[in-house]
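Here the structure is laid out as structure tokens; the discussion comes afterwards.
The values are calculated or read from the model by the stated rules, or taken from the named source; none is laboratory data. Predicted model only: the values in this text are computed from it and were never measured. Backbone-built Cβ (ideal geometry, glycine too); neighbour counts: all protein chains shown. Areas reflect the complete protein model, heavy atoms only, side chains present, ligands, DNA and RNA absent. Shrake-Rupley method; radii C 1.70, N 1.55, O 1.52, S 1.80 Å.
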Amino acid sequence: MRKTDLKRTTTGVVIVITCIVLLLGAFRALVRAPAGLAEKEAGAALFQETGCTQCHYTDSRETRIGPGLEDLFERETLPASGRPVSEENVRRQLESPYENMPSFADELDREQMNLIIDYLKTL
Amino acid sequence: MGGALLRIILYAAVVVLPVAAAAFLGESSPSVLHEAARSMALAGFMILVLQVVLAARIKWIERAFGFDILIRFHKHMAVFAVLLLLAHPLLLALSGGGWRLLIGLDLPWYIYAGKAALVLLALNVLASLYQDRLRLKFEQWRSLHAFTAPLVIVLAFTHSWVAGDDLETASLRTIWLVMLCLAVPVFAYHRFFRPLRLKQRAFRVVEVRPEAEDVHTVKLAPPEGEEIPDYLPGQFHFVTFYRGRGLPVEEHHWTISSSPTEKGFISSTIKNLGDFTSTIWMTKTGDRAAVHGAFGRFSYALHLEEKDLVFLAGGIGITPLMSMLRHMRDTGDTRSVLLLYANRNEDQIVFQKELSEIEAGGRPALEVVHVLSRPGEIWQGETGHIDRDRILEHCGELKGKVFYVCGPPAMRQSVVTGLRELGVPDRAVRLEIFSFLD
């Protein structure tokens, strides 16, 4: 290999690597990330798919099977357990519920729980 | 060339591997800048680790490119890595990290580890690029390099392992560990185990012969029962002399001036250039020397189909060409070779007698033209330098000829420019760029 080839090769390698790195970075940010709004939708969808809606209203405080969750994060305490409202305590409810609600510890991973909690904050 | 391309693609693929893994498997954030910053750091780290592999004189890699080209690629990639890794904190700051990340003092220790890695890396690259201007001796630079390079990698590894969100995923942790398991042994082998092994099997100096003013040929023979490693005429090797007597022990590379057809010994013809080479004349028969070879692609043996060669040599640059001429002589080769050989004066011409013997022998069909820039009064031959006009005058038809150029930088430069002006295509010009640092 000669010196002119080296220049061409180096330039080629630098350009190819830079492009791939930037493209993959952009792909990750734009395609994969559930950005802002999309994140809320994902949370709402998950709330529905997981079956929370079967036992909880989201637009009132009336009890269905479990307590209604409207304005949940604007309250001082959680409706059933009376614990202070916090992400931590809601997560705790999902992992090891207070009384009769089924546990979702196996069904939801941490990221999904966060999505749902973020959604509950918007109610 | 196919093999070279394959290796280059492999290199690029390894560099972007963690970026791809993170893009598909890692957590993502909606900020393009943030993701670009992370990706650049991942690729930059991979380049750093692969630097170790590029520099370790691994034959499988070297073979396809030649050592001089490979080491230059290593250098270019270092600059690229610095740019990628500098962009990493800048983009992180821009994408929401804030300037605190860059100038703040109350940062966790692993951020400092990353900063230290970056600063050391930049200093290391600057020292390598400006070794000359900093008046670093080759050996000093080498020790510095061998010390800072692994330190940079260890710091970068720690920083990314602790600070990097992506490094929480199993796939990236695996890649990181694999790279570390690759780099550490390669580095240790290259810096410690191979030198040790070569020292144990050191060659013996069997002759030190003065050839011309300030030029000596050192002949080395392998230890009992061992063979000389295969080499091509025109290749070079690394030699470390163990001479005792308070003489420096440093590894340097020299062209092999003997031909593989000459059995039982291997020789280098070395000129006193004022550095380590000023101690060569003190080498004695019986001294030991660790030999690591052979490298380089400056050899007509890789292009046997080319029958019409022009050798352009300046001073001690004759050595690889001499190796090739000896090889042609010993194999009864009939190709035609025109040698233009530039020196300052008569006393500096190396191999004068042997060259005229080969010329008289007719194999190869050799024509030697000596060109002296400051000849004595009785000089009958040509005076001046090897330039465009002289090449044209002696070659006549340039088409179909292949040029081998070896000599000091100024000579090399003017010859290459001359050939270009004459319309000789780059692919018909073969160069030995002997210093790794210019």
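Which FRET efficiency value, to the nearest 0.05, is calculated for residue B:122 and residue B:171 with the Förster distance at 22 angstrom and r the Cβ-Cβ distance? In this case the efficiency is close to 0.15. The value of relative contact order for chain B, using C-alpha pairs under 8 Å at least six residues apart, is 12 percent.
Using a 1.4 angstrom probe on heavy atoms only, work out the carbon and sulfur share of the accessible area of the protein assembly as shown in %. If you can, show how the numbers build up before the last one.
Working: 16130 of 27450 Å².
The computed percentage sits at 59.
Take each residue of peptide A:9-16, count the partner chain Cβ atoms within 10 Å of its Cβ, and average: the result is 5.
Determine the dipole magnitude for chain A: charges of +1 sit on the beta-carbon of Lys and Arg, -1 on that of Asp and Glu, nothing else is charged, the reference point is the Cα centre, and the result goes in debye to the nearest 20.
Working: 15 positive and 19 negative charges, 250 e Å.
The dipole magnitude comes to about 1200 debye.
Applied to the stretch B:205-222, the Karplus parametrisation 6.51 cos²θ - 1.76 cosθ + 1.60 on θ = phi - 60° returns per-residue 3J(HN,Hα) values of 6, 9, 6, 10, 10, x, 10, 6, 4, 6, 10, 10, 9, 10, 9, 10, 10, x Hz, with x for Gly and Pro. Per the Debye calculation on the protein assembly as shown with a single equal scatterer at every Cα and no solvent contribution, log₁₀ I(q)/I(0) for q = 0.06, 0.08 Å⁻¹ amounts to -0.46, -0.68. Near residue B:242, the amide H atoms lying under 5 Å from its own belong to B:288, B:289, B:290; only residues 5 or more places off or on other chains count, and H is placed 1.01 Å from N.
Projecting the Cα atoms of B:119, A:23, B:364 onto the dipole axis of the protein assembly as shown, where Lys and Arg carry +1 and Asp and Glu carry -1 at the beta carbon, places B:364 farthest toward the positive end. Within the straight-line cut-off of under 14 Å between alpha carbons, the aspartates and glutamates reachable from residue B:75 are B:438, sequence neighbours fewer than 8 places apart in one chain being disregarded.
Please compute the Kirkwood hydrodynamic radius over chain B, one decimal place, Å, based on all pairs of different Cα atoms.
Numbers: mean 1/r = 0.0410 Å⁻¹.
Taking the inverse mean of 1/r over all distinct Cα pairs, chain B comes out at 24.4 Å.
Of the GluC sites (Glu not before Pro) in the stretch B:338-438, which ones lie in a loop per DSSP and count no more than 14 other C-beta atoms within 10 Å? Those that pass, being in a loop and sparsely packed, are B:377, B:397.
Angle of helix B:170-188 to the longest C-alpha principal axis of chain B, folded into 0 to 90 degrees and rounded to 10: 30°. In the stretch B:102-217, if the dipole is taken from +1 on Lys/Arg beta carbons and -1 on Asp/Glu beta carbons about the Cα centre, which of B:205, B:181, B:156 is farthest to the positive end? After comparing all options, I get B:205. Once a ≥ b ≥ c are taken as the square roots of the eigenvalues of the Cα gyration tensor of the stretch A:37-121, is the result rounded (a/c under 1.5), prolate (a/b larger than b/c) or oblate (a/b not larger than b/c)? Judged from the Cα gyration tensor, the stretch A:37-121 comes out rounded (a/c under 1.5).
Please return the longest stretch of chain A lacking exposed loop sites, where GluC sites (Glu not before Pro) count only if DSSP places them in a loop and at most 16 other Cβ atoms lie within 10 Å. Don't skip to the answer; put the middle values down first.
Values: sites that count: A:62, A:70, A:76, A:99, A:107.
Of all site-free stretches, the longest is A:1-61.
The overall shape of the stretch B:252-393 is oblate: from the C-alpha gyration tensor, with semi-axes ordered a ≥ b ≥ c, the ratio a/c is 1.5 or greater and a/b is no larger than b/c. How tilted is helix B:2-25 with respect to the longest principal axis of chain B? Cα atoms for both, answer in degrees (0 to 90, nearest 10). Result, in degrees: 10. Residues of the stretch B:290-310 falling in the label zone of residue B:367, defined by backbone nitrogen less than 14 Å from a point 7 Å along Cα to beta-carbon, are B:308-310.
Chain B against chain A buries an accessible area of about 2800 Å², both chains summed, 1.4 Å probe radius. How many angstrom lie between the C-alpha centres of the stretch B:164-190 and the stretch B:285-305? Their Cα centres are 34 Å away from one another.
Loop-resident GluC sites (Glu not before Pro) (DSSP state other than H, G, I, E or B) in the stretch B:186-281 with no more than 13 further Cβ atoms inside 10 Å of their Cβ: B:224, B:226, B:227. For the stretch A:8-14, putting each phi into the Karplus relation 6.51 cos²θ - 1.76 cosθ + 1.60 with θ = phi - 60° gives couplings of 4, 4, 4, 4, x, 4, 4 Hz, in residue order, rounded to whole numbers and with x for Gly and Pro. Around the Cα centre of chain B, unit charges on the Cβ atoms of Lys, Arg, Asp and Glu (plus for the first two, minus for the last two) sum to a dipole of about 880 debye.
Within the listed set B:99, B:176, B:161, the residue fluctuating most in the Gaussian network model of chain B (springs between alpha-carbon atoms under 10 angstrom) is B:99.
Have a look at the DSSP beta bridges in the protein assembly as shown and tell me what percent are antiparallel, nearest 5. Please list the in-between numbers first.
On the way: 28 of 53 bridges.
Around 55 percent antiparallel, to the nearest 5.
Taking every DSSP beta bridge with both residues inside chain B, roughly what % is antiparallel (nearest 5)? The antiparallel proportion sits near 50 percent.
Cβ-Cβ distance of residue B:200 and residue A:98, R₀ of 45 Å, FRET efficiency by 1/(1 + (r/R0)^6): the value works out to about 0.05. Which one of B:77, B:18, B:108 has its Cα pushed farthest toward the positive end of the charge dipole of chain B, where Lys and Arg give +1 and Asp and Glu give -1 at the Cβ? Checking the options against the dipole of chain B, the answer is B:108. Within the assembled protein chains, the solvent-accessible surface assigned to residue B:395 is about 10 Å², based on a 1.4 Å probe. Measuring against 21 Å, Cα to Cα, the residue pairs B:271/B:401; B:59/B:263; B:219/B:353; B:199/B:284; B:271/B:353 contain B:271/B:401; B:59/B:263 as the ones spanning a longer distance. Annotation: amide H of residue B:207 within the under-5 Å range of B:219, sequence separation 5 or more or interchain, hydrogens built in the peptide plane.
Distant-in-sequence amide contacts of residue A:78, defined by a placed amide H-H separation under 5 Å and a gap of 5 or more residues or a different chain, comprise A:83, A:85.
Just checking the listed ones, B:255, B:169, B:319: in the Gaussian network model of chain B with Cα springs under 10 Å, the one fluctuating most is B:169. Taking B:33, B:105, B:151 in turn, the Gaussian network model of chain B (Cα-Cα springs below 10 Å) assigns the largest fluctuation to B:105. Note on B:73-83: average number of Cβ atoms from other chains within 10 Å of each residue's Cβ is 2.
Annotation for the stretch B:403-430 versus the stretch B:16-39: alpha-carbon center distance of 46 Å. For chain B, the longest principal axis of the C-alpha atoms and the axis of helix B:109-129 are separated by about 20°. The phi torsions of the stretch A:86-100, fed into the Karplus equation with coefficients 6.51, -1.76 and 1.60 and a -60° offset, translate into couplings of 7, 4, 4, 6, 5, 4, 4, 4, 6, 7, 9, x, 5, 9, 9 Hz, rounded to whole numbers, with Gly and Pro shown as x. Normalising the average separation of contacting C-alpha pairs (under 8 angstrom, six or more residues apart) by the number of residues puts the relative contact order of the stretch B:141-275 at 17 percent. About its Cα centre, the stretch B:203-295 has a charge dipole of approximately 240 debye under the convention of +1 per Lys or Arg Cβ and -1 per Asp or Glu Cβ, with nothing else charged.
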